[in-house]
1. Do you know which of the residues in the stretch 271-330 that are β-branched (Val, Ile, Thr) and part of a strand (DSSP E or B) is nearest to LEU372 (Cα to Cα)?
2. Check TYR103 against each of (1) buried (at least 19 other Cβ atoms within 10 Å of the Cβ); (2) part of a loop (DSSP other than H, G, I, E, B); (3) in contact with a Cys (Cβ under 6 Å, 6 or more places away or on another chain) and name the one condition it does not meet.
3. In this structure, is LEU420 part of a helix (DSSP H, G or I), in contact with a Leu (Cβ under 8 Å, 6 or more places away or on another chain) and modelled with pLDDT of 95 or more?
4. State whether one or more residues within the stretch 114-124 are in contact with a His (Cβ under 7 Å, 6 or more places away or on another chain) and of a type in the set (Ser, Thr, Tyr).
5. If we keep just the residues of the stretch 248-270 that are among the charged types (D, E, K, R) and outside any helix (DSSP H, G or I), which is surrounded by the most Cβ atoms within 10 Å (Cβ to Cβ)?
6. Please give the number of the condition GLY134 fails out of (1) in contact (Cβ under 8 Å) with a residue 40 or more places away in the chain; (2) surrounded by fewer than 20 Cβ atoms within 10 Å (Cβ to Cβ); (3) at positive phi.
7. Kindly indicate the residue of the stretch 205-247 that is among the polar types (S, T, N, Q) and outside any helix (DSSP H, G or I) and also nearest to ARG146 (Cα to Cα) among those meeting that condition.
8. List pairs: first residue in the stretch 191-207 and more than 16 Å from ILE175 (Cβ to Cβ), second residue part of a loop (DSSP other than H, G, I, E, B) anywhere in the structure, Cβ distance under 6 angstrom, at least six positions apart or on different chains.
Amino acid sequence: MSWVTDENKLSEAGYDFIDDDYLHRLMRRKADRAEVRDMIAKSMSKQPLAVEETAALLAADSPELVEEIFDAARRLKRDVYGNRIVLFAPLYIGNECTNDCQYCAFRRSNRDVVRRTLDAGEIRSQVEALLSKGHKRLILVFGEHRRYSPEYVAQCVREVYSIRLDHGNIRRVNINAAPLDHAGYRTVKGSGIGTFQIFQETYHHATYGLVHPRNTRKGDYLWRLDGVARAMEAGLDDVGIGALFGLYDWKFEVLGLVAHALHLQKHFKVGPHTISFPRLRPACGVDLNGSHLTSDEDFKRLVAILRLSVPYTGLILTARERPEIRREVMAFGVSQIDAGSRIELGGYTEAGDSQTQAREREQFELGDIRALDVVMRELMTDGYIPSFCTACYRLGRTGEHFMEFAIPGFIQTLCTPNALSTLMEYLADYGSQETYAAGKALVRSELDKMPEGRRKQELIDRLRRIEETDERDLYF
């Protein structure tokens, strides 16, 4: 059964490029120290790794080589992204769903979960609550249901962009929703979205079939696998991919993600904008199977190996993880995190900052529910620049154009000043006293590192204007 219609055939790129047998053979291979170090050296020259080369890193399991991989990932992250960490928040719009994914609390057969779709007024209340905390970037999350049509998604995006609160507004809206056909993607693109994110969940065909019943739309492996390719064909040049670690062997999923990124690079001359690697978490009505659950040590390895395999792809670390794990893994190449997150419907106004979460309204349990201000302060204490920057997207520096800036390293001359500007906005408008002090110290430190010149002086002037006047959204 296929969900491809006669008028929307899969493109030439729409074929099954995941060869389970081949990836399993790669997982059994051995790699000596010299080969592993050659792969690390290639990564450090900012060249993406082939699937076979990624397998060599996966085969390195001695403590010495693993530490070399960690160290290389730290250095590569600094070289490509500097010390910036981009922040965002998820906003769940609706949890009605026709799928029956065995790992998800929102599956249609789960009678314990409360079904809800936010109306326009509730969306406004949620966005205003997020703006009051300082957020500038959101990802809207939808179940897979006929009421969440492309037109409805686009309407929600426009609604979010229209909301203002004091100095605040949402400057970038990303989407996590069901795969669409080409016309659907064009409709959503017209609302001005950023990244369209689709997780394959697992690249292993047999496991995919086990956890996604065939009589559901998500049961069509190829329709989902080709989802981001159709998006790119429809004109969306920023797409995100991901796997849910814990459904199958973590090494297989890493190889699947790298194969997917290389497939997009081959056919569209640019890979995914982001890769996500969430781990299975407890959820209402879900019985976790422990056979493939990913340990903390393996989780750290997979993040570092992904960083080395796809040097210019953003890596997203979610609040599924506990604070201590997030703090440690951050150094291995993460470029984006969510913070101050609530994933129950209506959670930003109805749950507040309490430790109590309504399990019957959330897709899974979060590991880190600290307030945005607390996370911001910890990032700065650890030497990171928290950033809400959206300049590249709004100036057309996306897709291939982003790579033109990023590959030579020029992006740091734009991103650090823009990150500091958005940080100053947060400090001036939302930061607690402790966070304001930490932020000011970080800004001074970063300015001291910058070479003297016109760009530095212009940045200093912009920072002053943000702090002393009502001017906002100043970017290079």
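1. Among residues in the stretch 271-330 that are β-branched (Val, Ile, Thr) and part of a strand (DSSP E or B), the one nearest to LEU372 (Cα to Cα) is ILE316.
2. Going through the list (1) buried (at least 19 other Cβ atoms within 10 Å of the Cβ); (2) part of a loop (DSSP other than H, G, I, E, B); (3) in contact with a Cys (Cβ under 6 Å, 6 or more places away or on another chain), TYR103 breaks only (3).
3. The answer is yes for LEU420.
4. no
5. The selected residue is ASP249.
6. Going through the list (1) in contact (Cβ under 8 Å) with a residue 40 or more places away in the chain; (2) surrounded by fewer than 20 Cβ atoms within 10 Å (Cβ to Cβ); (3) at positive phi, GLY134 breaks only (2).
7. Checking each candidate, the answer is THR216.
8. Pairs found: GLU201/LEU244; THR202/LEU247; THR202/TYR248; TYR203/ILE18; HIS204/TYR248; THR207/LEU247; THR207/TYR248.
The values are calculated or read from the model by the stated rules, or taken from the named source; none is laboratory data. What you see is a predicted model, and the numbers here were worked out from it, not measured in a lab. Glycine gets a Cβ as well: all are built from the backbone with ideal geometry, and neighbour counts include every protein chain shown.
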